[in-house]
1. I need to check one value: relative contact order of the chain, counting alpha carbon pairs closer than 8 Å and at least 6 residues apart, in percent.
2. Just to confirm a number: summing +1 for Lys and Arg and -1 for Asp and Glu over residues other than residue 166 whose beta-carbon lies under 15 angstrom from that of residue 166, what do you get?
3. Taking only Cα atoms, what is the 0 to 90° angle, nearest 10, from helix 416-451's long axis to the longest principal axis of the chain?
4. Using the charge dipole of the chain (Lys, Arg: +1 at Cβ; Asp, Glu: -1 at Cβ; taken about the Cα centre), state which of 218, 263, 637 has its Cα farthest towards the positive end.
5. Using the Cα centre as the reference, give the magnitude of the dipole from point charges on the C-beta atoms of region 1-147 (Lys, Arg: +1; Asp, Glu: -1; all else neutral), rounded to the nearest 20 debye.
6. How fast does the chain diffuse by Stokes-Einstein, in µm²/s, taking the Kirkwood radius from C-alpha pairs at 20 °C and 1.002 mPa s?
7. Which residue, chosen from 588, 519, 609, occupies the Cα position most advanced towards the positive end of the dipole of the chain, where the dipole is computed from +1 (Lys, Arg) and -1 (Asp, Glu) charges on Cβ about the Cα centre?
8. If I take R0 = 45 Å and measure r between the Cβ atoms of residue 375 and residue 129 in this structure, what FRET efficiency does the formula 1/(1 + (r/R0)^6) give, to the nearest 0.05?
Amino acid sequence: MKDLKFALRQLRKSPAFAVTALATVAICLGANLAIFAVINSVLLRPLPFPDAEQLVTIFNTYPKAGVENDGSSLTNYYERRGNIPTLSSLSIFRYGSEVVGETGSTQQEEVMRVSPEFFTTLGVPLMGRSFDDTETITPVENHGVAILTNAYWRHSLNSDPNVLGREIRVNGVPRKIVGVLPPDFRFLSSEARLFLPLTSRLQERSPKQRHSGGGATHMIARLKPGATIAEAQSQIDTHNAAVEKDNPEAKMMAEAGFRSVVLPLHADHVRSIRPTLLLMQAGVFFLLLIGSVNLVNLLLIRASGRAKEMAIRQSMGAGRRHVVSQVMTETVLLTLVGGLLGLVVSAWGIRLLEFLGADRLPLGAHIAFDGWLASIGLAGAVVLGVVIAVPIAWFNLSSHLANALQSESHTGTISRAAQRLRHGFIVAQIALAFVLLAGAALLGLSLKKVMAVSPGFRADHVLAGQFTLPFGKYPDESSDRVAVVDRLLDAIGQQPGVAAAGTITNVPLSGDSGKTAVTPKGYVPPAGESLHGHYSYGVSGDYFSALGIPLREGRFLTSADSHRPERVCVVDEDFARRYWPKGGALGQRVFQGNDSDDAKLFTIVGVVGAVKQAELTEPQGQGAVYLPFHYRDAWNVFVATRTSQRPEAFADTLRKLVRATDPDLAIDDLHSMDTRIAESLIARRSPALLAGIFAVVALLLAAIGTYGVLSYAVAQRRREIGIRMALGARRGQIGAQFLSLGLRLLAAGTILGLIGAWLAGRAMRSVLFDVSTLRVAILLGVALVMSIVSLIACLIPARRATRVDPMVALRAE
């Protein structure tokens, strides 16, 4: 307690030092906690299911065909269920949205369609029961059941205790509620509030459909206790080899590199964002290092000022243990109070991260500031205090007692080792700040390059939303589907300010990017290559005009093409260039999947510009085929409208038009295409912005550290400067001496920073787009910025040294 009281008195005596030190700890530790909150939520915290480490996902990949993840097919599920010894349970699911509610008051709700074992696989208990196999067979009347989330039960059904057996209307079909999920249930990043059986026809489960995943159906499984992923992978490979033996397409699949991959469910769900988050944690840890170095330098300067005091205390009997205890108490008190302030900073930081879109990352909805995070922060503050105390204690114990007592200066004397230590810390600060600045510049340049990529369409003044055509009212391949879409587009086209409107089964940058096999008739892949997967969509109306997709050759598709017996299609320039590099795509015929019957071939009538479908950074040459809506329809349809007004202002009108077209319909996911582009860049924009903030703070800390050390050097050598000036030394010589010291520190830090920036650039390769890891322009620019800031920090103390009055300096001592 004596040490603690003494430490508090010392901090009160130096308010400027205390504020600077506390602010440094609070900012650096708070920033680390905020980023760690995201890391913990997304990467470290286990999924909220029993024995979550046993959960795996299984998906088909065809890398040589350009399809990295094609999900799993219904056939995969039915063939593997009960036939893989290492798996205790196997399930499949699909994301989607459905129309829920009574006619005239329907809403578009996010739902999941799941197989009967889905909740058993996750280990989630139900109030009620799960689905059974009889409820997964089409037609509709055999599967009129649903399971609700606890939130939907409470908010939409008023926590009705007799909810089981009650009916709700989904897609115009009454469904009996058979189960309610626990209050805290949420599957990965899904916001689904209703769960329906994943239904299919028996022919959709046949061996011919084994490779018809299309990326829409996903498979999860639970390993048996003691089983490993390697064992599951081996058994899946063996199973695939056995079932593919009699498949006439086996050779083609092998050429495409077909394999079913088994990965941990959690790791697979977050793998796209993992490199970026680890990069952010590394960057903010660098900031903590810079802050710690700055704090050590400040404490060393402060200890130098108390050198004679410490020498007197030791001469009066204070032991080494007492000196260490005193130093430890002061530094831990300082970092602990700074850590408490850092908790406030981290809470603000988490809010900032949510504003920047962190909650839209995989599992980002769970990011929160809680007691566990606070305890980690305070424990980290204590550890930081202990670590910082080591060089301060060493300095106090290594000071020469006799020299300190005999010194005429109240500050005592400073050994060369202590000077080198302080100078070394400044060099480290400059190097670390250089690395952070270079990394931020690389991320900023990468973001600039991404934003400069043309999406292939004109995003301005375009509003896009999604609606669902209820299966019971609009069955597959029904002319009613085409008719309702036509009516909706006619109604939209009559609105003032609407330039064009059209529909498509998947709008660009929607997050759904499955590919299918589309092949020109008679095409034989070159030796060593395989058939390629391409995007395939159904369109209607003036879709291409609505999105501003340019026409390269021929004509666009229109709604009339859905009513003609002739099968026609439009391809993009990437598709045309792949198969007809010298031109001549018009008039060629293509087929989907393996159905090459002449009656089902599509004739190419137009070539349009290539569009970035999945993300702006996807490589060229993916290829897309657009079919009339009648031949490539879907339950979920996007409508795109180009208006002369602000897109969001047309949203309410579009909702009313959809409802007026059919009271059972509802539209959601209404966003401008500019917004969709912006949201697709969240994982790149936010890290670049945060890295810039960290770099600015690091630069400021480095400048403060340099200024502090040189200012102290001037104060310490004030008497020497006075004597030299009294003996004839010119002011320019005095200033140049201190400026030279600062420049030497800057040069050493810059050299180390260059090496660190090169290593950091190599580590960042996976998150950079079209940017080399070693860009001379960036390194020169960072060196220039560091030089300017460091020179300013050096010039002020150097100028102060030139203004020392010899008489005043000599009298002061």
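1. 17 percent.
2. Local charge sum for residue 166: +2.
3. Here the helix axis deviates by roughly 20 degrees.
4. Sorting the options by dipole projection puts first 263.
5. 1600
6. Numbers: Rh = 31.1 Å.
For these conditions, the coefficient is 69 µm²/s.
7. 609
8. Working: r = 41 Å, r/R0 = 0.91.
Efficiency at R0 = 45 Å is approximately 0.65.
The values are calculated or read from the model by the stated rules, or taken from the named source; none is laboratory data. Not measured: the values here are computed from a predicted model. Glycine gets a Cβ as well: all are built from the backbone with ideal geometry, and neighbour counts include every protein chain shown. Side chains are part of the model used for accessible areas, which takes the heavy atoms of the whole protein and leaves out ligands, DNA and RNA. Shrake-Rupley method; radii C 1.70, N 1.55, O 1.52, S 1.80 Å.
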